[in-house]
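Novice: Right, I'll just put the structure down here and ask away after.
The values are calculated or read from the model by the stated rules, or taken from the named source; none is laboratory data. Note that the coordinates shown come from a computational prediction; the quantities given were computed from them, not determined experimentally. Glycine gets a Cβ as well: all are built from the backbone with ideal geometry, and neighbour counts include every protein chain shown. Accessible surface is based on the protein model in full, side chains and every heavy atom, while ligands, DNA and RNA are left aside. Shrake-Rupley method; radii C 1.70, N 1.55, O 1.52, S 1.80 Å.
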Amino acid sequence: MRHNRKVSENIKELEAELNAAKSQEDLVTFIRKVESHPGPLDYDDRPIRVFLGAWVLLLIYTIFLFGAPAPFKLVFDLPYIDDVLQTVVFYSSAWVPATINCYLAKRLDKWTCKEFGLDKLLPNPDHRFAFAFLATFISMSISSKLQTAYWNFMSFIGSSFSSYRTSGELVGFFLFCAGVILFYWFFLRRRPNWRRYMSEHIMSMGTLFDNNLKDLRRACGIRYEQVASQFAEFDRGNDYRGLDSLYQGHYKGEVHEFDYQVYRFVYVIRKSETRNDSSGNTTSRDARCSYYRYGLLVPFPFAEDVTISGDGAVSGGGGEYKTASPAFNRQFIINANDELSAARFLSPAMVETLSDLNDIVEKPVLAVSNDNELCLAFDDGDILKTEWQYDLENPGAFADEITAHANLEKLNSLLAIIHETMKLTDSNFSGETAHFFPDYNVREVSFDDLDEIEKLTTMVR
């Protein structure tokens with residue numbers, strides 16, 4: 001216990017230091033510190049594995065009580081084994097609540113010990129956890145009402161998921177055991193792999209630092225309001241819509257230099273589902289599925305109100321326009337408020353340049369708004385991803401790899417196409433070659449922010 005607590009404290013200190021990193025040099029220094037850290041940095045999960053094995057044994061025993069095949073009977077019919085396990089199951093009304101209370105006391109210790117002054121009565125955390133277990137165990141053992149409540153709860157669980165009404169308590173205990181086993185199985189899979197998860201954060205931060213990308217997470221709300229009113233690309237879904245990540249960089253080409261923003265757009269589609277159960281009863285519920293689109297936003301004063309869509313779900317305003325290229329017309333649907341403006345924008349050279357988009361990203365949509373802003377959206381979520389060979393399991397090689405340049409080939413290819421569109425459309429403008437966004441409330445990249453985004457797999461509102 002003390003060993004694992006010390007490991008957790010060391011890892012939290014490392015996370016805090018990683019969160020404070022401001023450059024690639026800081027990341028390399030951090031990796032070197034992990035390499036030379038005195039430790040301990042590795043959990044001893046043998047007690048938990050024994051604990052998990054005990055729950056597996058109880059799960060198997062409940063199967064035996066239902067009437068198990070011969071192999072189970074050969075084991076559990078041995079002298080004392082059946083009696084011992086039967087006693088353990090019977091008195092689970094005492095030790096299961098006590099174990100849960102002990103776990104909760106451990107999870108909430110930082111708050112409860114100060115709020116209720118427990119750190120003064122029992123300074124040792126292990127003593128506080130033991131007290132929580134013993135107090136609950138004794139209370140459950142001497143109170144028949146609490147025991148009845150426990151078995152009624154198990155019966156409720158069992159009857160909710162099984163047709164075995166007469167043995168609901170046993171079914172409930174079986175399901176409870178299965179839930180505990182799954183919880184600790186996932187726990188034991190993730191906790192020892194903290195180096196891999198921390199390495200992923202370092203890789204993400206290293207990519208942002210190396211490419212001079214600033215985190216504009218605080219501007220997500222206002223930027224979504226701005227772009228949603230400008231581009232049909234963001235008119236997707238029928239429930240929640242919003243930006244959940246936003247980064248800003250600067251590109252310098254041969255002729256033009258410009259700010260660009262990389263975003264992730266999440267939208268939710270809500271559908272009503274109707275189901276019929278075995279009794280013929282009909283139930284309906286709302287199902288929500290989250291989807292993501294990615295893209296670039298760039299200042300673009302050279303055209304307006306043109307949408308070139310390679311995604312059939314999006315079309316801009318105005319009338320449909322056809323270029324002189326049948327191949328291009330098959331790839332993209334073009335909408336513009338002014339046909340003459342569309343013709344000037346989609347010159348033969350521009351058509352050739354934009355034809356490459358489908359080779360780089362999936363379902364591209366390029367639109368220019370009347371607010372002098374360009375949006376290039378697509379399905380590909382790997383625009384800021386780089387391939388890494390090493391991680392914190394090999395700190396020396398990992399530090400050398402972080403030092404090297406993280407080249408974002410797909411992002412650079414898209415920025416080169418945008419730069420080319422500027423070159424092809426700037427002939428009517430005198431010397432305007434630098435294009436910038438207004439200042440936003442920028443904050444630094446943080447460990448918690450990256451963790452929050454990577455854990456975002458569904459969004460329901």
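Novice: Looking only at segment 43-58, filter to residues that are open to solvent by 90 Å² or more (accessible area, probe 1.4 Å) and free of Cβ contacts under 8 Å to residues at least 12 places away in the same chain; which one of those is nearest to LEU182 (Cα to Cα)? Can you show your working first?
Specialist: Step one: list which residues in segment 43-58 are open to solvent by 90 Å² or more (accessible area, probe 1.4 Å), which gives 46, 49-50.
Filter again for free of Cβ contacts under 8 Å to residues at least 12 places away in the same chain, leaving 46, 50.
Details: ARG46: 17, VAL50: 15 Å.
Only one residue tops the list, namely VAL50.
Novice: While we're here: So which pairs qualify, if the first residue must be in segment 362-377 and farther than 10 Å from PHE300 by Cβ, the second must be part of a strand (DSSP E or B) and among the charged types (D, E, K, R), the Cβ gap must be under 7 Å, and the two must be at least 6 apart or on different chains?
Specialist: Listed by first residue and then by second, the contacts come to ALA377/ARG293.
Novice: Taking the conditions exactly as written (surrounded by 16 or more Cβ atoms within 10 Å (Cβ to Cβ) and in contact with an Asp or Glu (Cβ under 6 Å, 6 or more places away or on another chain)), does SER199 satisfy them or not?
Specialist: Working: surrounded by 16 or more Cβ atoms within 10 Å (Cβ to Cβ): yes; in contact with an Asp or Glu (Cβ under 6 Å, 6 or more places away or on another chain): yes.
Answer is yes for this residue.
Novice: Specify which of the listed residues (ASP305, ASP371, ASP311) is within 32 Å of the chain's Cα centre (by Cα) and not hydrophobic (A, V, I, L, M, F, W, C).
Specialist: None of the others qualify; the one that does is ASP311.
Novice: Among the residues of segment 363-392, count how many are in contact with a helix residue (DSSP H, G or I) (Cβ under 6 Å, 6 or more places away or on another chain) and among the charged types (D, E, K, R).
Specialist: 1
Novice: Which residue pairs have Cβ atoms closer than 9 Å, lie 6 or more positions apart in sequence or on different chains, and pair a first residue in segment 222-236 that is within 24 Å of GLY312 (Cβ to Cβ) with a second residue that is of a type in the set (A, V, I, L, M) and part of a loop (DSSP other than H, G, I, E, B)?
Specialist: Final answer for the pair search is PHE231/VAL314; ALA232/VAL314; GLU233/VAL314; ASP235/VAL314; ARG236/ALA313; ARG236/VAL314.
Novice: Would you be able to tell me the number of residues in segment 281-297 that are touching a residue at least 60 places away in the same chain (Cβ under 8 Å), surrounded by fewer than 19 Cβ atoms within 10 Å (Cβ to Cβ) and either closer than 25 Å to ALA327 by Cα or among the aliphatic types (A, V, I, L, M) (or both)?
Specialist: 0
Novice: Being under 16 Å from PHE332 (Cα atoms), buried (at least 17 other Cβ atoms within 10 Å of the Cβ) and touching a strand residue (DSSP E or B) at 6+ places or on another chain (Cβ under 8 Å), is that true of even one residue in segment 407-415? Explain how you work it out, then say what you get.
Specialist: Initially, segment 407-415 is screened for residues under 16 Å from PHE332 (Cα atoms), giving none.
The answer is no; no qualifying residue exists.
Novice: Anything in segment 298-338 that is surrounded by fewer than 18 Cβ atoms within 10 Å (Cβ to Cβ) and outside any loop (DSSP other than H, G, I, E, B)? List them, or say none.
Specialist: GLY319, GLU320, PRO326, ALA327, ASN329, ARG330, GLN331, listed by residue number.
Novice: Restricting attention to segment 205-224, which residues are assigned to a helix (DSSP H, G or I) and open to solvent by less than 40 Å² (accessible area, probe 1.4 Å)? Explain how you work it out, then say what you get.
Specialist: Going residue by residue through segment 205-224, those that are assigned to a helix (DSSP H, G or I) are 205-210, 217-224.
Within segment 205-224, MET205, GLY206, THR207, LEU208, PHE209, ASP210, ARG217, ALA219, CYS220, ARG223 meet the criteria.
Novice: Take the residues in segment 14-42 that are surrounded by 12 or more Cβ atoms within 10 Å (Cβ to Cβ) and over 19 Å from ALA399 (Cβ atoms); name whichever of them is farthest from the chain's Cα centre (by Cα).
Specialist: Once the filter is applied, the top-ranked residue is PRO40.
Novice: Can you list residue pairs whose Cβ atoms sit under 7 Å apart, with the first residue in segment 111-135 being on the phi < 0 side of the Ramachandran plot and at pLDDT 70 or above and the second being basic (Lys, Arg) and open to solvent by less than 100 Å² (accessible area, probe 1.4 Å)? Count only pairs 6 or more apart in sequence or on different chains.
Specialist: Between residues of segment 111-135 that are on the phi < 0 side of the Ramachandran plot and at pLDDT 70 or above and residues that are basic (Lys, Arg) and open to solvent by less than 100 Å² (accessible area, probe 1.4 Å), the close pairs are LEU122/ARG128.
Novice: Exactly one condition in (1) touching a residue at least 12 places away in the same chain (Cβ under 8 Å); (2) surrounded by fewer than 21 Cβ atoms within 10 Å (Cβ to Cβ); (3) more than 23 Å from PHE231 (Cα to Cα) is not met by ILE402; state its number.
Specialist: Every listed condition holds for ILE402 apart from (2).
Novice: Let me ask something else about it. Take segment 1-17 and flag every residue that is among the charged types (D, E, K, R) and modelled with pLDDT of 90 or more.
Specialist: Applying the first criterion (among the charged types (D, E, K, R)) to segment 1-17 yields 2, 5-6, 9, 12-13, 15, 17.
Once the filter is applied, which keeps residues that are among the charged types (D, E, K, R) and modelled with pLDDT of 90 or more, segment 1-17 yields LYS6, GLU9, LYS12, GLU13, GLU15, GLU17.
Novice: Kindly check whether there is at least one residue in segment 257-280 that is in a helix (DSSP H, G or I) and either farther than 29 Å from ILE334 by Cα or open to solvent by 70 Å² or more (accessible area, probe 1.4 Å) (or both).
Specialist: In the first step, residues of segment 257-280 are kept if they are in a helix (DSSP H, G or I); the result is none.
No, that holds for no residue.
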